[in-house]
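Structure record follows, encoded as structure tokens.
The values are calculated or read from the model by the stated rules, or taken from the named source; none is laboratory data. Treat the numbers as computed from the prediction; the structure is a model and nothing was measured. Positions of Cβ are generated from backbone atoms using ideal geometry, with glycine treated the same way; all protein chains shown enter the neighbour counts. Only protein heavy atoms, including side chains, enter the accessible area calculation; ligands, DNA and RNA are left aside. Shrake-Rupley method; radii C 1.70, N 1.55, O 1.52, S 1.80 Å.
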Amino acid sequence: MWQEIVTTIILSVVGAIGSGIGALVIKWLSSKIKSEKDKQLLNEAYQVVHEGVTYVYQTYVEGLKGTSL
């Protein structure tokens with residue numbers, strides 16, 4: 001039981017950190033990319049990853065805590 005809780009907490013923290021790092025990387029890459037089309041593709045890729053992290057949070061962490069976003 002405790003192992004599941006610790007694993008879930010660690011995964012949620014890693015996901016949040018990964019999302020934050022991803023946002024910084026996207027911002028940095030956007031400053032380096034000149035083509036608007038490439039910037040749009042990069043932004044769409046970030047959105048997909050962000051939605052995935054949000055889904056995992058909602059599915060596992062909220063279920064464990066019994067709360068909602």
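Miscellaneous remarks
- Whenever a residue of segment 1-21 is under 30 Å from ASN43 (Cβ atoms), its partners that are open to solvent by 90 Å² or more (accessible area, probe 1.4 Å), lying with C-beta atoms within less than 6 angstrom and at least six residues away or across chains, give the pairs THR8/TYR60.
- Note on segment 15-24: among residues that are modelled with pLDDT of 85 or more and open to solvent by less than 100 Å² (accessible area, probe 1.4 Å), the one that is nearest to TYR55 (Cα to Cα) is ILE17.
- First in segment 23-50 and farther than 29 Å from SER12 by Cβ, second anywhere and open to solvent by 50 Å² or more (accessible area, probe 1.4 Å), Cβ under 6 Å, 6 or more apart: ILE33/LYS39
- LYS32 being at pLDDT 80 or above, more than 13 Å from the chain's Cα centre (by Cα) and of a type outside the set (S, T, N, Q): yes
- Residue count for segment 29-45 under the criterion of being over 26 Å from VAL56 (Cα atoms) and open to solvent by 100 Å² or more (accessible area, probe 1.4 Å): the result is 4.
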